[in-house]
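Asks: Next up is a structure, given as structure tokens.
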Amino acid sequence: MLLENKVVIVTGAASPRGIGKATARVLAANGARVVILDLREEDAVAAARDLGEGHLGLACNVTRKEDCLVAVEGVLQKYGRVDGLINNAGITQPLRVMDIAAENFDAVVDVNLRGSLYMSQAVIPHMKKQSSGSIVCMSSVSAQRGGGIFGGPHYSAAKAGVLGLARAMARELGGDNVRVNSITPGLIQTDITGDKLTPEMRAEIIKGIPLNRLGNAEDVANACLYLISDLSSYLTGVTLDVNGGMLIH
């Protein structure tokens with residue numbers, strides 16, 4: 001198996017139809033011991049239980065550095081190591097530029113960008129100590145094309161920040177054999193998007209996708225598997241587009 005005996009943390013992974021939960025399933029199916037982090041402990045524990053034996057669910061607010069440090073300490077106490085991190089936790093708000101208030105900006109940037117930094121800071125010392133590790137940061141096609149369908153400009157800005165953060169970490173940590181890469185999903189059918197797309201919207205969006213379909217959470221999960229596993233052992237600082245050709249550049 002690609003991830004046998006590897007310990008991988010996935011943040012924001014309790015939502016049943018979310019990218020995080022799909023990623024956790026794919027990682028577990030490939031031999032990983034998966035740690036699911038989410039805001040509510042009961043949700044994280046239940047999601048980990050769904051994966052079968054040997055997985056862990058913990059409460060963590062990624063915008064609080066202490067929460068991130070405590071969660072990683074819990075992982076080390078149980079497994080003794082951490083081999084991978086998927087910075088998946090994120091939120092979005094469909095606001096136009098003049099409607100973005102300070103609290104909107106802070107909320108979106110805190111979860112998407114600050115959370116990626118804090119979780120990475122929590123695992124990096126341990127990855128450096130073992131001279132191995134892989135971090136995957138979840139960005140978005142909206143960071144590349146300047147806006148999305150359900151996210152406002154502050155979401156695009158936060159996700160663009162994720163790309164810059166990941167590249168800078170990749171450059172800094174390469175000598176320690178710690179790899180950092182990003183994924184930019186296009187429009188993926190999840191709990192967030194599922195009830196907001198009318199048939200007319202769906203048809204119009206698909207016209208601009210060369211593969212002629214919307215993405216699903218498993219499409220992104222498989223990309224995460226590739227970047228976390230040794231299949232991508234000579235990749236760091238890359239941005240992997242998972243958008244069906246929505247943005248070809």
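Asks: Select from the range 1-95 those GluC sites (Glu not before Pro) which occupy a DSSP coil region and have at most 14 other Cβ atoms within 10 Å, ordered by residue number.
Replies: The qualifying sites are GLU4, GLU53.
Asks: Sort LYS159, LYS128, LYS207, LYS196 by Cβ crowding within 10 Å, fewest neighbours at the top.
Replies: If I rank by nearby Cβ atoms, fewest first, I get LYS207, LYS196, LYS128, LYS159.
Asks: A follow-up question, please. Hey, which lysines would be in cross-link range of LYS207, C-alpha to C-alpha under 29 Å, not counting anything within fewer than 8 residues on its own chain?
Replies: Here the lysines satisfying the reach criterion relative to LYS207 are LYS21, LYS159, LYS196.
Asks: Still on this structure, I have one more. Of VAL8, VAL70, how do they rank once you tally other Cβ atoms within 10 Å and put the fewest first?
Replies: Details: VAL8 27, VAL70 14.
Going from least to most buried by this count: VAL70, VAL8.
Asks: Oh, and also: Going by how many other beta carbons lie within 10 Å of each one, how would you line up CYS68, CYS224, fewest first?
Replies: Lowest to highest Cβ neighbour count: CYS68, CYS224.
Asks: A further question follows. Among all stretches of the chain without exposed chymotrypsin sites (Phe, Trp or Tyr not before Pro) (DSSP loop, at most 16 other Cβ atoms within 10 Å), which one is longest?
Replies: Working: sites that count: PHE150, TYR234.
Within the chain, the longest run free of exposed chymotrypsin sites (Phe, Trp or Tyr not before Pro) spans 1-149.
Asks: Using θ = phi - 60° and the Karplus curve 6.51 cos²θ - 1.76 cosθ + 1.60, what whole-Hz ³J(HN,Hα) does each residue of the range 43-51 get, with Gly and Pro shown as x?
Replies: Along the range 43-51, the couplings run 5, 5, 5, 5, 5, 5, 4, 4, 7 Hz.
Asks: Another question, if that's okay. Tabulate in residue order the Karplus-calculated ³J(HN,Hα) for the range 94-107, using 6.51 cos²θ - 1.76 cosθ + 1.60 with θ = phi - 60°, rounded to whole Hz; enter x for Gly and Pro.
Replies: x, 10, 8, 4, 7, 9, 7, 8, 4, 5, 5, 4, 4, 4
Asks: Add +1 for every Lys or Arg and -1 for every Asp or Glu among the other residues with Cβ under 10 Å from the Cβ of ASP83, and state the total.
Replies: Net charge in that neighbourhood comes out at +3.
FYI, it's all coordinate maths here, none of it is from the lab. None of the values given here were measured: they were computed from a predicted structure. So basically every Cβ, Gly included, is an ideal-geometry build from the backbone, and we count neighbours across all protein chains shown.
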